[in-house]
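Down below is the structure, laid out as structure tokens.
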Amino acid sequence: MSSTTKPVLAFWVNEIRRQAVRQVFPADSWDLRPAATIDDVFDQVQAREVSVGVVPFENSTNGSVVFTLDNLADRNGQYKDIAIDGEIFVDIHHCLIGRKNVASVLLEDSTDRSATSTPTAAHPSPPKPRSKPLSNLGHIKRLYSHPQAFGQCHAFISTYLKGVEIIDVSSTSKAAEIVSQDETGTWAAISNEPAATLHGLDFLGKSIEDREDNTTRFLIIGTNRSAHNSQHLQKKPAAIADNRSLVSFTVPHESPGALADVLSCFKEFNLNLTSINSRPSLLAPFQYTFFVEFEGHRYGDPTGRVERALDKISLVARNSRWLGSWARYGIDR
């Protein structure tokens, strides 16, 4: 724990910014600790090195963050004490950063690659990028970033960076660091403005994400299993629709209708589902751990519907785990 009296929060530095975290965790009450990977955040929270962690859960453009889901699946029992306490929404904007091609900066046409996306069977009418490069990109041979960022900037990449080698790294911040060490000037990164400034890189493109409303939802995780009383929650909505809960479970795949039996528990207790995800359970090939998010709070439900549904699920599923309940922060999403 921190040597100060303030609790410590660990957050993944790939997309979320200190300013966004400070909206919920003010500086006079919390110390922030950046973490290089999502795994690092989970590890620090589970080890009680920090009080709270912030990790990405889903993006409005590219969907669920599988790295977080895999840790919540907790196949090896590493994170048995972790529960979700809340959520934060952050608008995400990406930049293409690297070194300008000095030999071509004076060219009138700065986009020497084809400014069209190639139609395919899967995408007969490919989306057009929202922005154009700020300088010539013909010299770029490698592109570094996190897989989530690549997925959020597909149109720009397929239009202006055709044929470039795509290399996944642990975070967009790490991508900027790697590109800053390139002596050839032919590498670029999808990252953010502070990273470009920190590493002395040029802006080759700004706002290159596919959608203007590109947003990532982050989860606040802790180790208090009764996290409904967490000190950092600033409001506790009374309406069931203003709360969320998440449960994971596996089913006996050899039993017909096993998944439907679990899902029927939500209908039986009149609980509205908001999302369903799955990840390989690794119990056997092509068997899965399912994640269901639904409206309602385990400890903020005077009718007891959430508790009764969780009890019923524990009887119907092969195994199940309540991953947390939390109040929403008044954000209309």
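Odds and ends about this structure:
- Whichever residue in the range 57-78 is in contact with a Phe, Trp or Tyr (Cβ under 8 Å, 6 or more places away or on another chain) and part of a strand (DSSP E or B) and, among such residues, is farthest from W326 (Cα to Cα): S64
- Condition check for L315: within 22 Å of F67 (Cα to Cα) and surrounded by fewer than 17 Cβ atoms within 10 Å (Cβ to Cβ): no
- Restricting attention to the range 249-274, the residues that are out of contact with any Ser or Thr (no Cβ under 9 Å at 6 or more places or on another chain) and either not assigned by the TED database to the domain that holds R318 or not in a loop (DSSP other than H, G, I, E, B) (or both) add up to 11.
- Screening the range 85-99 for residues that are in contact with a Phe, Trp or Tyr (Cβ under 9 Å, 6 or more places away or on another chain) and not in a strand (DSSP E or B) and picking the one that is least open to solvent (accessible area, probe 1.4 Å) gives H94.
So that you can scan it fast, the table gives a plain yes or no per residue for (1) open to solvent by less than 50 Å² (accessible area, probe 1.4 Å); (2) part of a loop (DSSP other than H, G, I, E, B); (3) among the hydrophobic types (A, V, I, L, M, F, W, C); (4) outside the structural domain of A73 (by the TED database):
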{"position": "I276", "(1), (2), (3), (4)": "no, no, yes, yes"}
{"position": "L283", "(1), (2), (3), (4)": "no, yes, yes, yes"}
{"position": "F291", "(1), (2), (3), (4)": "yes, no, yes, yes"}
{"position": "A309", "(1), (2), (3), (4)": "yes, no, yes, yes"}
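- Candidate set from the range 19-68 (those that are out of contact with any strand residue (DSSP E or B) (no Cβ under 9 Å at 6 or more places or on another chain) and of a type in the set (A, V, I, L, M)); member that is nearest to N192 (Cα to Cα): A27
- If you filter the range 178-194 down to residues that are among the small types (G, A, S) and open to solvent by 10 Å² or more (accessible area, probe 1.4 Å), you find that the one that is farthest from I157 (Cα to Cα) is S180.
- The listed residues are V50, V45, V54, and the only one of them that is in contact with a Phe, Trp or Tyr (Cβ under 7 Å, 6 or more places away or on another chain) and either over 17 Å from W322 (Cβ atoms) or not in a strand (DSSP E or B) (or both) turns out to be V54.
- Unmet requirement for D28, which otherwise passes all of (1) more than 11 Å from T216 (Cβ to Cβ); (2) in contact (Cβ under 8 Å) with a residue 24 or more places away in the chain: (2)
The values are calculated or read from the model by the stated rules, or taken from the named source; none is laboratory data. Quick caveat, the model's predicted, so the values are computed rather than measured. Glycine also receives a Cβ, built like all others from the backbone with ideal geometry; neighbour counts cover every protein chain displayed. Note: accessible area is taken over every heavy atom of the protein model, side chains too, but ligands, DNA and RNA are not part of it. Shrake-Rupley method; radii C 1.70, N 1.55, O 1.52, S 1.80 Å.
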